[in-house]
1. Is it the case that the range 168-180 has a residue that's exposed (fewer than 15 other Cβ atoms within 10 Å of the Cβ) and more than 18 Å from the chain's Cα centre (by Cα)?
2. State whether the residues of the range 19-30 include one that is over 30 Å from Asn150 (Cα atoms), in contact with a helix residue (DSSP H, G or I) (Cβ under 7 Å, 6 or more places away or on another chain), among the small types (Gly, Ala, Ser) and not in a helix (DSSP H, G or I).
3. Can you tell me which residues in the range 79-105 are within 27 Å of the chain's Cα centre (by Cα), surrounded by 14 or more Cβ atoms within 10 Å (Cβ to Cβ) and not hydrophobic (A, V, I, L, M, F, W, C)?
4. Out of (1) outside the structural domain of Ala152 (by TED's automatic domain parsing); (2) surrounded by 10 or more Cβ atoms within 10 Å (Cβ to Cβ), what's the single condition that is false for Pro69?
5. What is the one condition in (1) surrounded by 14 or more Cβ atoms within 10 Å (Cβ to Cβ); (2) touching a residue at least 12 places away in the same chain (Cβ under 8 Å) that Gly26 does not satisfy?
6. Might you check whether a residue that is in contact with a Ser or Thr (Cβ under 6 Å, 6 or more places away or on another chain) and not in a loop (DSSP other than H, G, I, E, B) occurs anywhere in the range 117-124?
7. Condition check: in a helix (DSSP H, G or I) and in contact with a Lys or Arg (Cβ under 8 Å, 6 or more places away or on another chain). Does Arg157 satisfy that?
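The values are calculated or read from the model by the stated rules, or taken from the named source; none is laboratory data. Every value quoted in this text rests on a predicted model; they were computed, and no experiment measured them. Cβ atoms come from the backbone with ideal geometry, glycine included; neighbour counts cover every protein chain shown.
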Amino acid sequence: MIRAIIFMVKVALLVALAVWVADRPGTVAIEWMEYKLTLQMGVFLLLFLLTVLLAIAIFGVIKGVADFPKSFRRYREYVRRDKGYKALTLGLTAVAAGDAKSAQYQAHRATRMLKDDNGLPLLLKAQAARMNNKEDEARETFALLLQDKNAAFLGVRGLLQAAIDAQNYPKALELGREALRLHPKQPWILRMVYDLEIKMQDWEAARKTLYRAEKAGAVEAPKAKSDRVAMLLAEADSALQEDHRELALGILKKAHAQDPTFAPTVTRLAKMQKSLDWIDTARHFVPEDQKCYTWWSYRNHDWKKSNRGRRLDHIWVTQPLKKHLKSHEIIAKARDWEKPSDHVPVIMDLNL
């Protein structure tokens, strides 16, 4: 609509100019050597206009001929890129469909036609190589992606997955931390780095990553709490394997402080006490198969829900008192007292 209005305005101006010239009679005389040419003003202006238009047309033809090679190259580039993006689309579709042969062919076409694009074509080539079990080629291609800052994360993720598949966990952890640097709040990256740090038994780093993951919502608070205790137990086990008993005992006490109801922690603490030549009077009298460490969970499967026996007391004695032990009793009816106890008391008799 706007173009039509502009065109009509131009025509109106041209008509007005023609009328203005026609209303002003006159002649134009041109003398050259013995020749003399006399023209009416209107005819002269018309010839002048035609001359200008002809010059413009000739200039356009000359420019078009001169620019033809460049225009042809641009056209070929457009066609090539169009075919390249079609090949890229078909290749990614083949990857999604699991068609390794088609993915390889389309990856070759896409990388050949989109030489200046170092992102998706290289990703397609790497994925196709992995589908065809060409792991070395895939790693080399993923590494090329690292050179493009816009596609670097694609390279990191590809190399990360390759390292995990090859069970090269130190390399995977290195790449995972690089991915986390590029995208510090991505939940799946936080979880992956956390899992790798657990595999590598890098407990301090794992605790820091767990804190970040919990803060980012990648790990729920209850799981984070239980994981912290589990890490401390694993750390204590490692210390025990290296015969660092005091260190292990300190770690177990930390774990117990974080969750006093976690039976594995209590069990390990009891074993530590026993290894230090302390005697658990309950285990001295109660048969081994009654699993006295988890007595209440053994007897009452809903003990946490009902809060029965949540605090089962233990009495430990030194070796010199062992021969004086007379009896041991767990007061199971403490909940039925007029003022119920939040402990399950233990009574021990000594024959002194």
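1. Checked the range 168-180: at least one residue is exposed (fewer than 15 other Cβ atoms within 10 Å of the Cβ) and more than 18 Å from the chain's Cα centre (by Cα).
2. Checked against the condition, which is being over 30 Å from Asn150 (Cα atoms), in contact with a helix residue (DSSP H, G or I) (Cβ under 7 Å, 6 or more places away or on another chain), among the small types (Gly, Ala, Ser) and not in a helix (DSSP H, G or I), the range 19-30 yields at least one hit.
3. Of everything in the range 79-105, those that are within 27 Å of the chain's Cα centre (by Cα), surrounded by 14 or more Cβ atoms within 10 Å (Cβ to Cβ) and not hydrophobic (A, V, I, L, M, F, W, C) turn out to be Tyr85, Thr89, Gly91, Asp99, Gln104.
4. (2)
5. (1)
6. Yes, the conditions are met somewhere in the range 117-124.
7. In short, no.
For every residue, the table says whether it meets (1) surrounded by 14 or more Cβ atoms within 10 Å (Cβ to Cβ); (2) at pLDDT below 70.
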residue	(1), (2)
Pro260	no, no
Ala270	yes, no
Glu288	no, yes
Lys323	no, no
